[in-house]
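**Q** Structure provided below as structure tokens; questions to follow.
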């Protein structure tokens, strides 16, 4: 475990390698799993504010679920806010491109310039998951290993990209440049010690 600022960072973020391979997995992380994408409290108001501009980028089934169940839901088992699901499967904000690859409708709206919010930070950070301990007042960043991402692990090894570098933009978005630079420094220190 590495401590960067006041965050606990799993060694796996430095030691494991990962590069999304959408041609292989088709974006399965958007439709697999027991619940929707975890949402930060601040993202709830954002989803409320941007929904009308994101709606044209969503599927009819996604729109139906969002308008029946809400733009976000409380998932009791983890006590966190999440995106709703279509029939306990795909995220309601998910769409498919012409090649059958899952895309985030929010991100498609962002790419089109319709909104200035890229997508939920938990999606941007994936395969890194943030676990918060409110009682002890810390956050832990862990690598979420999942068999649907085996092609991403293979591609990461081939291209020699550690997990934390793959999610660089998301880490900077969530924690800032200084955090990322400290993590880079810790990774370099770990690599030096391993080489000895």
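Since every read-out is calculated from the coordinates, none of them should be taken as a lab result. Remember, predicted model here, so these are calculated numbers, not experimental data. Don't worry about glycine lacking a Cβ; one is built from the backbone with ideal geometry, like all the others, and counts go over all protein chains shown.
**Q** How much FRET efficiency would the formula 1/(1 + (r/R0)^6) give for residue 132 and residue 168, where r is the Cβ-Cβ distance and R0 is 25 Å, rounded to 0.05?
**A** Values: r = 22 Å, r/R0 = 0.86.
Working from the Cβ atoms, E equals 0.70.
**Q** Taking the convex hull of the Cα atoms, report for region 92-173 its projected area averaged over all directions, in nm². Walk me through the numbers before you get to the answer.
**A** Values: hull surface 29.8 nm².
Average of the hull's projected areas for region 92-173 equals 7.4 nm².
**Q** Between residue 44 and residue 61, what length comes free when the chain is fully extended (0.36 nm per residue of separation minus the Cα-Cα distance, one decimal in nm)?
**A** Full extension from residue 44 to residue 61 adds 4.0 nm.
**Q** What percent of all Cα-Cα pairs in region 1-68 falls in each 5 Å bin, counting up from 0?
**A** Answer for region 1-68: a P(r) of 3, 11, 12, 16, 20, 15, 10, 10, 3 percent.
**Q** Does region 51-101 come out rounded, prolate or oblate by the C-alpha gyration tensor, with a ≥ b ≥ c the root eigenvalues, rounded set by a/c under 1.5 and, if not, prolate when a/b is larger than b/c and oblate if not?
**A** prolate
**Q** With the Cα gyration tensor of region 111-151 giving a ≥ b ≥ c as the square roots of its eigenvalues, does the rule (a/c under 1.5 for rounded; else a/b larger than b/c for prolate; else oblate) give rounded, prolate or oblate?
**A** Cα axes put region 111-151 in the oblate bin.
**Q** Counting only Cα, what are the radius of gyration and maximum Cα-Cα distance Dmax of the chain, in Å?
**A** 17.4, 59
**Q** Take the alpha carbon gyration tensor of region 28-126, find the square roots of its eigenvalues, order them as a ≥ b ≥ c, and report rounded if a/c is under 1.5; if not, report prolate when a/b exceeds b/c, else oblate.
**A** Values: a/c = 1.39, a/b = 1.16, b/c = 1.20.
It is rounded, given that a/c, with a ≥ b ≥ c, falls under 1.5.
**Q** Ok, one more. When DSSP beta bridges are limited to those with both residues in the chain, what percentage is antiparallel, rounded to the nearest 5?
**A** Details: 19 of 22 bridges.
Roughly 85 percent of the DSSP beta bridges within the chain come out antiparallel.
**Q** For the chain, what does the helix formula give at 222 nm: sum of -39500 (n - 2.57) over DSSP H segments with n ≥ 4, over the residue count, nearest 500 deg cm²/dmol? Walk me through the intermediate numbers first.
**A** On the way: 10 runs with 85 residues, N = 196.
Helix contribution divided over all residues of the chain: -12000 deg cm²/dmol.
**Q** Something else: Explain nothing, just the number: relative contact order of the chain, from Cα pairs under 8 Å at least 6 residues apart, as a whole percent. Don't skip to the end; give the middle numbers.
**A** On the way: 287 pairs, mean separation 61.9, N = 196.
Taking the mean separation of contacting Cα pairs over the length of the chain, I get 32 percent.
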